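Participant: One structure, as structure tokens, below. Some questions next.
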Amino acid sequence: MKYDPIPSQFFVRNRKRFMRKMQPDSLAVFYSNDQVYRSGDTTFPYKQNEGLFYLSGLDQPETVLVMFPDCVKDGFQEVVFIRKSNAFSQRWEGGGLTLEDARDQSGIAKVFWIDDLDRILHELILLSKRIYVNIPEHEGRRHYQGDANARMARKLMDSYPAHKFHRSQPILRKLAMIKTPEEIGLIERAIQITGKAFDRVLEVLRPGMGEYELEAELTYMLLKNRANGHAYPPIVASGPRSCILHYQDNSQVCQAGDVVLMDFGAEYAHYASDVSRVIPVNEQFTDRQRTIYNGVYQMLERIKPLLVPGKTLEEYHQEVGKVAEDVLLEMELLSPSDVARQSASYPAYKKYFMHAASHHIGMQVHDPANRYEPIQAGMVLTCEPGIYLPAEELGIRLENMVLVTDAGPVDLTKNIPFNLEEIEEKRHSYAIT
């Protein structure tokens, strides 16, 4: 792993919090993600299952966590199984965790080789009445082809049809929405790395550079500073492509007079960052770019204070819509008659600002969350207004990350420049050095 070790007490507390929410006589089982082959004997970079990592800190394939707080068998309230290394794997892959390594990282005393899983899990299941399975859940997806937890859940349901089965995701989702101090620290580390990558682009961008070159600079700085890599495929969109919300080709050349919209973030120790910034290909923005940029900046500064405990995301987004409408009226992109004719299902402001203003972020860029749960202290959300003018080949989006507290929102990304004058000043200083 590239990141610094996380103290095992973090994972110990997470398991205790999860087990307190389990029903009596219940067992919960979490499987690691599969190692996916790319071709031949080459695999894709490994990505651990978020739930398993959150509860154990173990970051390798062929790992299974079992939690059974009411287990009558002494010492088997928490058990983890890991793959056994051999001479072949040590030669080709460097082996893997030892039993002692797994104990140290997870804080779990009972650690077995994966070869013992079927025997021990069968015994524990027969001592239980209910089984929690970690089938992935997301509002935007219904099918999870090839997911190890979904596959193993079906196998358990076939093998133990008399047991009652429960979903682990609602418990994990409720826990993960509120970030602990350790998690906030990991997110801040990811943000610091993201800031270094952005500063690198401020330094090197010149007319005629490829979007792909800027992506390479971002990637270099993330890996140089011990990030896992990108938290999601980065967007490096210059000129007309700045109006394509999920542009990912990053294949064109940055032309003089255009802006570059970058939406990217480092992942550090499985925790994501998500930042959007816009910079001029030249040293300065044009007058029109400056006007649109300042409009988005004004939206951001007016929306951030709305992220306070007590309101739902739906209520928050209604307030965001009012701010966007006011700003667009002030900029004369909208007229009073546009507002008067708007429909409730598609307000007039969405012609220029069509995406949501915020989403939860944590171990996933779009962290699973209950949209009907009121905003609470400890949540981390993005704040990302934008204005898109395809006819002018100009898109501006600014995205910061905000920690909700009882004392008011805390902008975790405030040190990554997003004030227009500061960006121009940095661009100018790098140009003359």
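The values are calculated or read from the model by the stated rules, or taken from the named source; none is laboratory data. The structure displayed is predicted, hence computed values, not measured ones. Counting neighbours? That spans all protein chains shown, and the Cβs are built from the backbone with ideal geometry, glycine included.
Participant: Looking only at region 367-403, which residues are closer than 15 Å to Val320 by Cβ and not basic (Lys, Arg)?
Facilitator: Ile375, Leu381, Thr382, Cys383, Glu384, Pro385, Gly386, Ile387, Leu398, Glu399, Asn400, Val402
Participant: Here's another thing I want to ask about it. Looking at region 305-332 only, could you name the residues that are surrounded by fewer than 20 Cβ atoms within 10 Å (Cβ to Cβ) and under 19 Å from Phe418 (Cα atoms)?
Facilitator: Pro305, the sole residue that qualifies.
Participant: How many of the residues making up region 164-187 are outside any loop (DSSP other than H, G, I, E, B) and within 16 Å of Val365 (Cβ to Cβ)?
Facilitator: 6
Participant: If we scan region 387-398, do we find a residue that is among the charged types (D, E, K, R), farther than 15 Å from Ile303 by Cα, buried (at least 18 other Cβ atoms within 10 Å of the Cβ) and in the same structural domain as Arg302 (by TED's automatic domain parsing)?
Facilitator: Within region 387-398 (the criterion being among the charged types (D, E, K, R), farther than 15 Å from Ile303 by Cα, buried (at least 18 other Cβ atoms within 10 Å of the Cβ) and in the same structural domain as Arg302 (by TED's automatic domain parsing)), the answer is no, since none of the residues qualifies.
Participant: Within region 167-197, which residues are more than 18 Å from the chain's Cα centre (by Cα) and either surrounded by 17 or more Cβ atoms within 10 Å (Cβ to Cβ) or farther than 21 Å from Phe30 by Cα (or both)?
Facilitator: Ser168, Ile171, Lys196
Participant: Looking at (1) in contact (Cβ under 8 Å) with a residue 12 or more places away in the chain; (2) of a type in the set (Lys, Arg); (3) over 22 Å from Ala148 (Cβ atoms), find the lone condition where Lys84 falls short.
Facilitator: Against the list (1) in contact (Cβ under 8 Å) with a residue 12 or more places away in the chain; (2) of a type in the set (Lys, Arg); (3) over 22 Å from Ala148 (Cβ atoms), Lys84 comes up short only on (3).
Participant: Further, regarding this structure: What number of residues within region 198-245 satisfy the criterion of being within 21 Å of the chain's Cα centre (by Cα), of a type in the set (Val, Ile, Thr) and in a helix (DSSP H, G or I)?
Facilitator: 1
Participant: Next question, about the same structure. Condition first: among the hydroxyl-bearing types (Ser, Thr, Tyr) and either part of a helix (DSSP H, G or I) or not assigned by TED's automatic domain parsing to the domain that holds Ser26 (or both). Can you find one or more residues in region 104-115 that meet it?
Facilitator: yes
Participant: With (1) within 10 Å of Met177 (Cα to Cα); (2) of a type in the set (Gly, Ala, Ser); (3) surrounded by fewer than 20 Cβ atoms within 10 Å (Cβ to Cβ) as the list, and Gly362 as the residue in question, which single condition is left unmet?
Facilitator: With respect to (1) within 10 Å of Met177 (Cα to Cα); (2) of a type in the set (Gly, Ala, Ser); (3) surrounded by fewer than 20 Cβ atoms within 10 Å (Cβ to Cβ), Gly362 is out only on (3).
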